[in-house]
Amino acid sequence: MDDWPGYDLNLFTYPQHYYGDLEYVLIPHGIIVDRIERLAKDIMKDIGYSDIMVLCVLKGGYKFCADLVEHLKNISRNSDRFVSMKVDFIRLKSYRNDQSMGEMQIIGGDDLSTLAGKNVLIVEDVVGTGRTMKALLSNIEKYKPNMVKVASLLVKRTPRSDGFRPDYAGFEIPNLFVVGYALDYNEYFRDLNHICVINEHGKEKYRV
C-alpha cells in the first residue's frame, strides 16, 4: 500500500558504505527470491511448451533476469519436456538522476530481426509510466515474433502511467524511487540485496 512504512533497516544486513543513505527496506531479498520462483512457474505454465528467447533489459534487469532464467531452467530440467532458452541483452536509456528523460534509445542486442517467429520474453526491472515498454514492444513487433510476453519485477503505481501492465509482475509498489537488487541510482546501490527506498541524503551524495 502507499502508506506502507517498510521494514526497519536494522532488521537486515546491507553494505556498510550505504549506512545513512537509505530510508527503509521495501522488499527483503528472501521475499524477492521466492516471488521470482513463483513467476517462473507461471511463465513455464504459459509458454513452457516452446523454446523461449529471453530479452533482458539492462542494466537494472540483469539480476532479476539471471535468477528468473535459473528457475526456468530448473523447472525445465525437472519436467518431461526440455525447453531451450537463449538470452540476449539490450539497454534502454531513459533516466538521469531520478528523472525520466522522455525519449528512449535501444542499445546493443543482436540484430532484433532474429526474433522473427520466436517466443520472446522481455525481462525488465521496473515498469513505471509504461511508455518505455510500449516503445520497445512496438519496435520488436516490426520483426514479427510469434509471441511477446513481458515480465517485470516491479510495477509502480504512478499517476503518469498509461495503463500498461506486464504479463508477469513481481510486486506492485508505490511511486517511490527504489534501489537495490541491481536497481541503481547513478550506478550506485546495485550491490544491495534488498529493494530499498533511498533517502534525500543518499540522492544528494550520489547525484551526478
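The values are calculated or read from the model by the stated rules, or taken from the named source; none is laboratory data. This is a predicted model, so every value here is computed, not measured. Every residue, glycine as well, gets a Cβ built from its backbone with ideal geometry; the counts of neighbours run over all protein chains shown. Surface accessibility is based on the protein's heavy atoms, side chains included, excluding ligands, DNA and RNA. Shrake-Rupley method; radii C 1.70, N 1.55, O 1.52, S 1.80 Å.
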**Study point:** Rg(Cα) / (2.2 N^0.38 Å) computed for the chain, rounded to two decimals
**Key:** 1.03
Exercise for review: Rounded to the nearest 10 degrees, what's the angle between the helix 62-77 long axis and the longest principal axis of the chain, both from Cα atoms, 0 to 90?
Suggested key: 40
Revision key, fill the gap. For the chain the mean separation of alpha carbon contacts under 8 Å (6+ apart) over residue count, i.e. relative contact order in percent, is 25
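What accessible area per residue, rounded to a whole number of Å², is obtained for the chain using a probe radius of 1.4 Å?
51
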Review point. Rounded to the nearest 10 Å², what accessible area does Ser161 show when all protein chains are kept and the probe is 1.4 Å?
Key: 50
Practice item. Select from Tyr14, Met53, Ala169 the residue farthest towards the positive end of the dipole of the chain; place +1 on Cβ of Lys and Arg, -1 on Cβ of Asp and Glu, and compute about the Cα centre. Key: Met53
Revision key, fill the gap. Under the Karplus relation with 6.51, -1.76 and 1.60 and θ = phi - 60°, whole-Hz ³J(HN,Hα) for the stretch 144-155, x at Gly and Pro, equal 6, x, 5, 7, 10, 10, 10, 10, 10, 5, 10, 10
Review point. So which cysteines in the chain don't have a second cysteine's C-beta under 4.7 Å from them?
Key: Cys196
Practice item. Treat each spin label as a single point 7 Å out from the Cα along the C-beta direction, and report the Glu204 to Lys149 distance in nm. Key: 4.6
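Taking 22 Å as the cut-off for C-alpha to C-alpha distance, list the pairs among Lys93/Lys203; Lys93/Lys118; Lys156/Lys205; Lys63/Lys93; Lys86/Lys156; Lys134/Lys156 that go past it. The partial results should precede the final answer.
Details: Lys93/Lys203 20 Å; Lys93/Lys118 25 Å; Lys156/Lys205 25 Å; Lys63/Lys93 18 Å; Lys86/Lys156 28 Å; Lys134/Lys156 15 Å.
From Lys93/Lys203; Lys93/Lys118; Lys156/Lys205; Lys63/Lys93; Lys86/Lys156; Lys134/Lys156, over 22 Å: Lys93/Lys118; Lys156/Lys205; Lys86/Lys156.
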Practice item. Quote the FRET efficiency, to the nearest 0.05, computed for Arg190 versus Thr13 with a Förster distance R0 of 22 Å and r equal to the Cβ-Cβ distance. Key: 0.85
Study note, to complete from the structure: Note: Met1 to Lys41 extended length (0.36 nm per residue) minus current alpha-carbon separation gives 11.8 nm
Revision key, fill the gap. So, with points 7 Å from each Cα along the Cβ direction, the Thr114-Lys142 label distance in nm works out to 1.9
Exercise for review: Taking H placed 1.01 Å from N in the peptide plane, check which residues at least 5 places from Phe171 or on another chain put their amide H under 5 Å from its amide H.
Suggested key: Leu154, Val155
Point to revise | Fraction in percent of alpha-carbon pairs per bin - 10 Å, the stretch 127-179 | key: 24, 51, 21, 4
Check your understanding: Using modelled amide H (1.01 Å from N, peptide plane; none on Pro or chain starts), what sits under 5 Å from the amide H of Val83, excluding residues fewer than 5 places away?
Key -> none
Exercise for review: Taking the chain as the reference, fit the longest principal axis to its C-alpha atoms, fit the long axis of helix 131-141 to the helix C-alpha atoms, and give the angle between the two in degrees, 0 to 90, nearest 10.
Suggested key: 20
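Considering only protein heavy atoms and a probe of 1.4 Å, how much of the accessible area of the chain is carbon and sulfur, as a whole percent? Kindly include the intermediate steps, with their values, before the conclusion.
Values: 5220 of 10650 Å².
The nonpolar share, carbon plus sulfur, comes to 49 percent.
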